[in-house]
Amino acid sequence: MTGPKGYRALLAPWVNHKWVTITEKEIRFWNGSKIYLAHCNDEKDRFNYQGAEMHVLMVDELTHFTEIIYRFLRSRVRLVGLEVPEKYKGFFPRILNGSNPGNVGHLWVKGAFVDPAPPMDIRRTSDEEGGLLRQFIPARLEDNPSMLQDDPTYRIRLRGLGSEALVKAMEHGDWNIVEGAYFDGWDPRRHVIEPFRVPDWWVRLRGFDWGSARPFSYGEYAVSDGSRLADGRSYPTGALIRTYEWYGCKRTKEGVAVANTGLKMTAQAIARQIQDTRGHLKFQRSVADPSIFKEDGGISIAEAMEKEGVIWDRADNARVARLGALGGWNQVRDRLAGDDHGPMLYIFKNCTELIRTLPALQHDQLNPEDLDTDGEDHAADELRYACMARPWHRAKVEQEPMKTMQEMTFDEILANQPKNGKEWRV
């Protein structure tokens, strides 16, 4: 709306001729057409557009919105009783979205627009996705010549943001880099590995995060004993390796996960499938979301699953460290960082949903020590339970006690002189 290329400047001649009126909420044209200048700050605000008929929907910074908001607004895009001129047929109704990577909607936007097809390809989505033609047009800084012409120092200022991830995301449009990521130590080159047959003697454990309307996450883990595998690989003693996952989320016909939408399966059905497919394995620990042990006038979710043969212990649900106690997220971070021997957490590459969701999780704006629970954090929660069931601490480096002057050799005395002090000579 502002600036030398904004709507006000663009339409100034028409405003002067009374052909256009601009207010804070809309731009009204002489023929009755309108451009509404609107917001949808919270999910409840989407109902302000109930019954609306949008011929063109334009969303700025799409990743700032949840998928629920976008799907609702998209349902309002329609043409009723209007004849589109021949040369414009197929172009309307229309949705135009612009966005940078990152923020709360990063995962669902990436899954809906970026991942399913190569850039510039036009594809028709399934009926459940609206049946619309969809195209992803990547945008890099050099694709905006007017910006470079009008503001030639912009690239330099962009690189001065102080965040390499943010610069790459904004300068190159890289959707695999997430600024503000909670797990900034995540690196798929270090943490994602090819699957292998887990030795029978390795300790196994599993975790579970309950969800119905939201996804549930079931994961299995093995603890390395440091021995060399048949293919020559080895992992540090005590390293936690995620070997299997079942992520209960809704998917489109194309197999794309519908962000943060569960299957609404019953606890008994989940437990039966776990028993049918994974019941042959023996686990030393099985930990689950403590909320499944709550009883609200009937048997708990945990008890319902136990009747099907899947028995859980309460997971340690500490998210952040308090009063000296362990924090679950710190355990995940520490294992990702590891020590001189390498990371202490590895993920089989077939655990695609943890690999998809973990790097996109953001900090909670009100509590930076915690992550934003509005994100798709179910696999991360289940990972946290597993890490807390097998705590790991980086070994302290033992320092040798300081020698007295009488215990030192002449060379040691010279080597320990203060660098900025006055030297003495013999």
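The values are calculated or read from the model by the stated rules, or taken from the named source; none is laboratory data. Predicted, not measured: the structure shown is a model, and the values here were computed from it. All Cβ positions, glycine included, derive from the backbone under ideal geometry; neighbour counts span all protein chains shown. Remember, those area values only see protein heavy atoms, side chains included, never the ligands or the DNA or RNA. Shrake-Rupley method; radii C 1.70, N 1.55, O 1.52, S 1.80 Å.
Results, tabulated for the structure shown:
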read-out: Extension gain, ILE311 back to PHE293 (0.36 nm per residue minus Cα-Cα distance, nm); value: 5.4 nm
read-out: In region 203-266, the GluC sites (Glu not before Pro) that fall in loop regions by DSSP, at most 13 other Cβ within 10 Å; value: GLU254
read-out: Sparsely packed trypsin sites (Lys or Arg not before Pro) within region 1-105, loop by DSSP, other Cβ within 10 Å at most 16; value: LYS5, LYS18, LYS25, ARG76, ARG78
read-out: Region 56-150: C-alpha gyration tensor shape, a/c 1.5 cut-off, then a/b vs b/c; value: oblate
read-out: J(HN,Hα) series, region 65-71, from Karplus relation 6.51 cos²θ - 1.76 cosθ + 1.60, nearest Hz, glycine and proline x; value: 10, 7, 5, 4, 4, 5, 4
read-out: Förster radius 41 Å - calculated FRET efficiency between HIS393 and LYS250, Cβ distance, rounded to 0.05; value: 0.55
read-out: Heavy atoms of THR23: accessible area, 1.4 Å probe, square angstrom to 10; value: 60
read-out: Local net charge near VAL15, Cβ-Cβ under 11 Å (Lys/Arg +1, Asp/Glu -1); value: +3
read-out: Label-point separation, HIS17 to LEU37 (7 Å along Cα→Cβ), nm; value: 2.2
read-out: Gain in span if fully extended, LYS264 to VAL114, counting 0.36 nm per residue against the direct Cα distance; value: 51.3 nm
read-out: Prolate/oblate/rounded call for region 1-94, Cα gyration tensor, a/c under 1.5 rounded; value: oblate
read-out: Carbon plus sulfur fraction of accessible area for the chain, probe 1.4 Å, in percent; value: 52
read-out: Set LYS44/LYS250; LYS44/LYS307; LYS110/LYS282 screened for pairs whose C-alpha atoms are more than 29 Å apart; value: LYS44/LYS307; LYS110/LYS282
read-out: Qualifying trypsin sites (Lys or Arg not before Pro) for region 246-348 [loop in DSSP, other Cβ within 10 Å: at most 10]; value: LYS253, LYS282, LYS294, ARG322
read-out: Mean-position separation - Cα centroids, region 73-106 and region 187-201, in angstrom; value: 44
read-out: Length released on extending from ALA213 to ARG71, taking residue separation times 0.36 nm less the Cα-Cα span; value: 49.5 nm
read-out: Where THR352, THR2 fall by accessible area, highest first, once all protein chains stay in place (1.4 Å); value: THR2, THR352
read-out: Volume in Å³ per residue [convex hull over Cα atoms, computed for the chain]; value: 265
read-out: Point-to-point label distance, ASP121-THR352, nm (Cα→Cβ direction, 7 Å offset); value: 1.4
read-out: Contact order relative to length of the chain, as percent, for alpha carbon pairs under 8 angstrom and 6 or more apart; value: 13
read-out: Fraction of beta bridges assigned by DSSP in the chain that are antiparallel (%, nearest 5); value: 60
read-out: Heavy-atom accessible area order for VAL310, VAL178, largest first, 1.4 Å probe; value: VAL178, VAL310
read-out: Heavy atoms of PHE29 accessible to a 1.4 Å probe, total area in Å² rounded to 10; value: 40
read-out: Label point distance in nm, HIS172-ASP200, each placed 7 Å from Cα along Cα→Cβ; value: 4.8
read-out: For region 199-350: rounded, prolate or oblate by the Cα gyration tensor [a/c cutoff 1.5]; value: prolate
read-out: Using alpha-carbon coordinates, inclination of helix 328-337 to the longest axis of the chain, degrees; value: 80
